[in-house]
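Q: Shown below is the structure under consideration.
Coordinate-derived values only; no laboratory data. Computed from a prediction, not measured in an experiment: that's the story for all the values here. All Cβ positions, even for glycine, are placed from backbone atoms using ideal geometry, and neighbour counts span all protein chains on display.
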Amino acid sequence: MKVSPQTRDLLLSLSKEKKVFLEGNLLKVIKADSKDTEFAEYLKACKNRDNTARKKRLEVTKQVQSQNKELANAAAAKEGLMQELQVALGDAEKLRDEAVEDLDLLQKRTQFELIGLIVKVALVIIVGVGVLTTLMYIIALLAGANTTLLGNAWSNMFGILLTNSFSIIGTIMGVKYATEKNE
């Protein structure tokens, strides 16, 4: 396709004054007269500029695509790490819960053992005092001594021991019940 002389002059003046050149597929169809070397040089310069601009755009496009690919890979890696972190967090929470349960069980077992020890010692003391007092009363009876005062003391002692044993057991059971309610 050939352009009119006015269009030719307008294109040449735009390139010289404002540095505006033709671009794109239009350059493929415009032809210069074989005698018009100035316009032929103009079209050649336009084609060179167009090729250079296309190469730059292609490089930018490739660079953007490369960066997008890197970002997508980084996002996938980040997502994988987040999933691993969630799994690790879940495992840590399970382990913490198990440790809390183990500690609670250990505390209850220790409390139970302590309560059992207290009850055993209290029962040994109560039985020991009861047996000792009974032996003293039997010896006094066999010796033929006056047992009136000793009988009253023996009766009072058993009452006190019985009351104290129920008090100790009741206190221990109350403490055990109260700690179970608080948990």
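Q: Ranked by Cβ crowding within 10 angstrom, fewest neighbours first, how are Ser167, Ser4 ordered?
A: Result, fewest neighbours first: Ser4, Ser167.
Q: With N set to the residue count of the range 134-174, report its C-alpha Rg divided by 2.2 N^0.38 Å to two decimal places.
A: That works out to 1.58 for the range 134-174.
Q: What are the ³J(HN,Hα) values, in whole Hz, obtained from phi via the Karplus relation 6.51 cos²θ - 1.76 cosθ + 1.60 with θ = phi - 60°, for each residue of the range 37-54 in sequence order, with x given for Gly and Pro?
A: Using θ = phi - 60°, the values come out as 6, 5, 5, 5, 5, 4, 5, 5, 5, 4, 5, 4, 4, 5, 4, 4, 5, 5 Hz.
Q: Defining a contact as two alpha carbons under 8 Å apart and six or more residues distant in sequence, what relative contact order in percent does the chain show?
A: 13 percent
Q: Distance from the Cα centre of the range 130-182 to that of the range 1-19, in angstrom?
A: For the range 130-182 versus the range 1-19, the Cα centre distance is 128 Å.
Q: Shifting gears a bit: Go through Asn152, Ser165, Leu142 and say which Cα lies farthest out towards the positive end of the charge dipole of the chain; charges sit on Cβ, +1 for Lys and Arg, -1 for Asp and Glu.
A: Going by the charge dipole, the pick is Ser165.
Q: Pairs to check: Lys18/Lys62; Lys18/Lys56; Lys108/Lys176; Lys18/Lys55; Lys2/Lys28. Give those whose C-alpha atoms are more than 20 Å from each other in this structure.
A: Distance filter (> 20 Å) returns Lys18/Lys62; Lys18/Lys56; Lys18/Lys55.
Q: Right, something else. Given bins 5 angstrom wide, list per bin the percent of all Cα-Cα distances in the range 5-182, short to long.
A: 1, 6, 7, 7, 5, 5, 4, 4, 4, 3, 3, 3, 3, 3, 3, 3, 3, 3, 3, 3, 3, 3, 3, 3, 2, 2, 2, 2, 2, 1, 1, 0, 0
Q: Whole-Hz Karplus ³J(HN,Hα) for the range 120-132, in order, using 6.51 cos²θ - 1.76 cosθ + 1.60 and θ = phi - 60°, x for Gly and Pro?
A: Taking θ as phi minus 60°, the curve returns 4, 5, 5, 5, 4, 5, 4, 5, x, 5, x, 5, 4 Hz for the range 120-132.
Q: Please list the non-local residues whose amide H lies under 5 Å from the amide H of Lys2, H modeled 1.01 Å from N, same-chain partners needing a gap of 5 or more.
A: Distant-sequence amide H within range of Lys2: Lys31.
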